Every structure is written in structure tokens, then in C-alpha cells.
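Chemist: Submitted below is the structure of interest, expressed as C-alpha cells.
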């Protein structure tokens with residue numbers, strides 16, 4: 001676990017050996033940053049035998065566990081906008097999205113590698129806040145920072161590689177769904193999309209939004225769902241351990257796009273979603289009822305980082321038990337079918353859902 005020594009104090013102590021009160025990372029220097037980071041971390045323990053300080057990290061997990069590795073790259077102007085994303089929010093989210101990947105396979109996170117391409121203009125205080133939030137989330141999930149890299153660049157780029165362990169070496173895959181399985185979703189879809197639209201100024205809160213509750217709290221709720229998603233590590237682990245789940249993935253590209261990925265991986269199956277069962281939040285439902293957004297858009301918005309999974313109808317009681325134990329809403333939103341394609345059941349009618357693919361870095365020209 002990470003120590004309680006204040007991060008800023010450590011950085012200041014190390015920095016004074018090189019330059020008094022450096023303001024930017026150009027003043028601070030790469031090695032000053034690395035040395036300060038080393039002093040911020042506890043001694044390697046558990047599966048991590050050797051962390052930062054040598055040519056490579058030494059990670060030696062129990063041979064009875066399967067090792068899972070996920071990596072994610074975030075580029076300024078593509079994945080985040082510093083005009084509305086704070087350093088702390090970015091530090092949190094850059095680890096959270098990787099934790100969500102491991103949650104989708106029922107794995108427990110263990111070690112993480114952080115690489116940063118940093119413009120010289122970045123302020124030292126900004127980097128301190130970024131790393132502190134990153135490490136606070138790591139501590140919350142028992143993750144140790146084992147290494148990484150830093151380089152100078154014209155654009156801020158963040159690369160995170162997270163390693164975890166699957167009990168008995170058998171993670172849950174996205175390829176195990178079968179015809180007749182129930183389809184479940186954790187939490188509420190579309191809140192992150194609404195939060196992003198509010199942050200971008202593309203969507204505005206109506207004057208009567210106060211009917212929902214406090215205006216600022218309502219908008220803040222949606223914005224934080226985008227800036228600080230909750231990785232479902234405990235939920236994913238319990239679902240995997242139960243043996244009830246046949247296929248699972250996390251929703252990063254939107255419910256419809258990621259459901260398509262699950263159906264393709266499971267052999268080209270189809271799915272029916274019951275519109276009346278969709279668990280939109282109170283705030284999300286407000287925007288739908290006000291005709292400011294439609295539910296298909298909320299199912300396509302992306303970055304929910306919730307779990308979408310399938311299970312046999314015989315496992316419904318087990319799923320309800322896990323929902324109660326984890327205090328996470330798990331909603332049965334539909335079923336897996338034999339005909340390919342995704343259909344929506346609305347007021348007794350069965351309507352095809354047009355393909356709403358996730359963001360494609362080589363086809364989507366927008367940021």
C-alpha cells in the first residue's frame with residue numbers, strides 16, 4: 001500500500017537538490033521527476049519483487065493464477081481536453097479505464113506501468129496532481145506502480161499498462177454467450193455521454209431541471225460520471241467467481257457497439273433489448289423525457305465503463321444476490337437470440353437498431 005507522506009512535500013525536497021522551486025517539468029528534469037516518484041512509492045511487496053530503479057521490474061505472481069495484461073493510450077485532443085479536465089481527474093481516469101478492462105474479465109489488478117510523453121510547458125504542480133490522483137486510485141485497488149517511461153514531446157500522451165490475476169487461470173471472456181441467455185447491464189447507461197455534452201457546452205441544462213433536485217448537483221453528477229468512472233473490480237470478480245456469467249465485457253464504446261462486439265465474439269448471435277427495462281438514471285431519464293436526447297443515443301455514447309454480461313435464466317437468483325452484496329444495480333435488459341442483429345422491443349414492436357459503432361481512430365476524423 002502507498003504511504004501517507006504528502007506527495008508535494010516529497011517532490012519539493014527532491015527538487016531542491018537540483019533547482020529551487022522549479023515551475024515546469026523542463027526546470028525539474030526527467031531524473032528529478034523519476035527520483036521523486038521513487039521516493040513516493042513504498043517498498044515492493046507481494047507479487048512485485050522489484051519495482052522502479054533497475055532495468056526492468058520483477059513481478060512473480062503465484063503460478064496457479066492466469067496473468068492478464070491490458071494497455072491503453074490517451075492522447076491530448078483525442079481522448080481528453082485539458083480545458084475541462086483537471087490533472088487529478090485525468091490521473092484518476094487514465095488508471096480507471098484500465099481497471100475496468102480487468103473487471104470485465106473478473107481479474108484482480110496487481111501491478112501497473114505508467115509512461116508519459118510530456119511537453120516541456122507542463123507545470124510541475126500539474127504533474128504532481130496527476131500522479132497523486134493516479135496513485136490514490138492505485139492504492140484503493142491494491143495496485144503497485146512497477147515502472148514506466150518518460151519522454152519529451154510536443155503533445156501530452158499517456159500510456160498505461162495494467163497487469164492482473166485471474167483465479168484458477170480462467171478469466172471470463174466475451175465469447176461465451178449462448179442463445180437464450182439473459183443480457184445484463186450494471187449501473188446506468190448514457191450518463192457519461194450527457195456529462196461530456198455538458199462539459200463541451202453542446203447540451204445545456206433546462207431551467208426546470210431543478211425538478212430533479214439541486215441544479216449544480218445534477219450537472220455535477222453527470223460530469224463526474226464522465227471524468228471519474230467507477231471501475232467495477234469487486235463486481236467483476238464476484239461474477240467471475242460465481243460461474244454464472246457466460247460472457248462479459250466493459251462498455252467503453254457504448255452499449256450497442258460493445259454488445260455487437262460480444263455477439264460477434266460469441267459466433268455471430270443476435271440480441272433483443274427491452275426498452276422498458278433500460279436502467280437510465282433519473283438525470284438521464286429527464287433528458288429523454290424533455291426530448292433533448294433519445295435513448296438510442298445514450299446507448300451509443302460510450303465511456304460508461306460499466307459491465308455488460310450474459311447469464312443463463314437459471315442464474316437469475318445468483319445475479320440478484322451478487323447485486324445485493326456489491327450494492328451495484330444489475331438490470332436484465334434483454335436476451336440473446338439466434339438471428340444476428342440487435343433489436344429493440346418498444347411497446348410490443350420489434351425494431352432493428354442501426355449499427356452504432358464505437359470511435360474508430362482511423363475513420364472518425366473528429367476529436
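The values are calculated or read from the model by the stated rules, or taken from the named source; none is laboratory data. Note that this is a predicted model, so its numbers are computed, not measured. All Cβ positions, even for glycine, are placed from backbone atoms using ideal geometry, and neighbour counts span all protein chains on display.
Chemist: Yes or no: segment 68-76 includes at least one residue that is buried (at least 22 other Cβ atoms within 10 Å of the Cβ) and not assigned by TED's automatic domain parsing to the domain that holds residue 303.
Modeler: no
Chemist: Also, I was wondering about something else. Out of 337, 310, report the one residue that is closer than 20 Å to residue 186 by Cα and modelled with pLDDT of 95 or more.
Modeler: After applying the criteria, what remains is 310.
Chemist: If a residue must be surrounded by fewer than 20 Cβ atoms within 10 Å (Cβ to Cβ) and over 21 Å from residue 47 (Cβ atoms), how many such residues does segment 148-181 contain?
Modeler: Total satisfying the criteria: 15.
So that you can scan it fast, the table gives a plain yes or no per residue for (1) under 23 Å from residue 66 (Cα atoms); (2) outside the structural domain of residue 23 (by TED's automatic domain parsing); (3) more than 18 Å from the chain's Cα centre (by Cα):
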{"residue": "123", "(1), (2), (3)": "no, no, yes"}
{"residue": "126", "(1), (2), (3)": "no, no, yes"}
{"residue": "129", "(1), (2), (3)": "no, no, yes"}
{"residue": "136", "(1), (2), (3)": "no, no, no"}
{"residue": "139", "(1), (2), (3)": "yes, no, no"}
{"residue": "149", "(1), (2), (3)": "no, no, yes"}
{"residue": "153", "(1), (2), (3)": "no, no, yes"}
{"residue": "163", "(1), (2), (3)": "yes, no, no"}
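Chemist: Do you know which of the residues in segment 294-333 that are free of Cβ contacts under 8 Å to residues at least 12 places away in the same chain and more than 18 Å from residue 235 (Cα to Cα) is surrounded by the fewest Cβ atoms within 10 Å (Cβ to Cβ)?
Modeler: 314
Chemist: Moving on. Working carefully through the options 55, 62, 47, find the one that is at pLDDT below 90, out of contact with any strand residue (DSSP E or B) (no Cβ under 8 Å at 6 or more places or on another chain), surrounded by fewer than 19 Cβ atoms within 10 Å (Cβ to Cβ) and at negative phi.
Modeler: Selected residue: 55, the only one of 55, 62, 47 that is at pLDDT below 90, out of contact with any strand residue (DSSP E or B) (no Cβ under 8 Å at 6 or more places or on another chain), surrounded by fewer than 19 Cβ atoms within 10 Å (Cβ to Cβ) and at negative phi.
Chemist: Which condition number in (1) outside any helix (DSSP H, G or I); (2) more than 19 Å from the chain's Cα centre (by Cα); (3) buried (at least 20 other Cβ atoms within 10 Å of the Cβ) is the one that residue 114 fails?
Modeler: Residue 114 satisfies every listed condition except (2).
Chemist: Being part of a helix (DSSP H, G or I) and over 21 Å from the mean Cα position of the chain (by Cα), is that true of even one residue in segment 266-274?
Modeler: No - not one qualifying residue is present in segment 266-274.
Chemist: So, one more: Name the residues in segment 329-346 that are over 7 Å from residue 270 (Cα atoms) and over 27 Å from the mean Cα position of the chain (by Cα), would you?
Modeler: Listed by number, the residues that qualify are 345, 346.
Chemist: Shifting gears a bit: Residue 138: in a helix (DSSP H, G or I) and in contact with a strand residue (DSSP E or B) (Cβ under 9 Å, 6 or more places away or on another chain), yes or no?
Modeler: The answer is yes for residue 138.
Chemist: Among (1) modelled with pLDDT of 95 or more; (2) under 30 Å from residue 244 (Cβ atoms), there is one condition residue 157 misses while meeting the rest; what is its number?
Modeler: (2)
Chemist: Go through (1) closer than 20 Å to residue 220 by Cα; (2) at pLDDT 95 or above and name the single condition residue 104 misses.
Modeler: (1)
Chemist: Among the numbered conditions (1) surrounded by fewer than 21 Cβ atoms within 10 Å (Cβ to Cβ); (2) under 30 Å from residue 242 (Cβ atoms); (3) at pLDDT 90 or above, tell me where residue 93 comes up short.
Modeler: Among (1) surrounded by fewer than 21 Cβ atoms within 10 Å (Cβ to Cβ); (2) under 30 Å from residue 242 (Cβ atoms); (3) at pLDDT 90 or above, residue 93 violates only (1).
Chemist: Still on this model: Is there a residue in segment 161-173 that is on the phi > 0 side of the Ramachandran plot and part of a helix (DSSP H, G or I)?
Modeler: The answer is yes; a qualifying residue exists.
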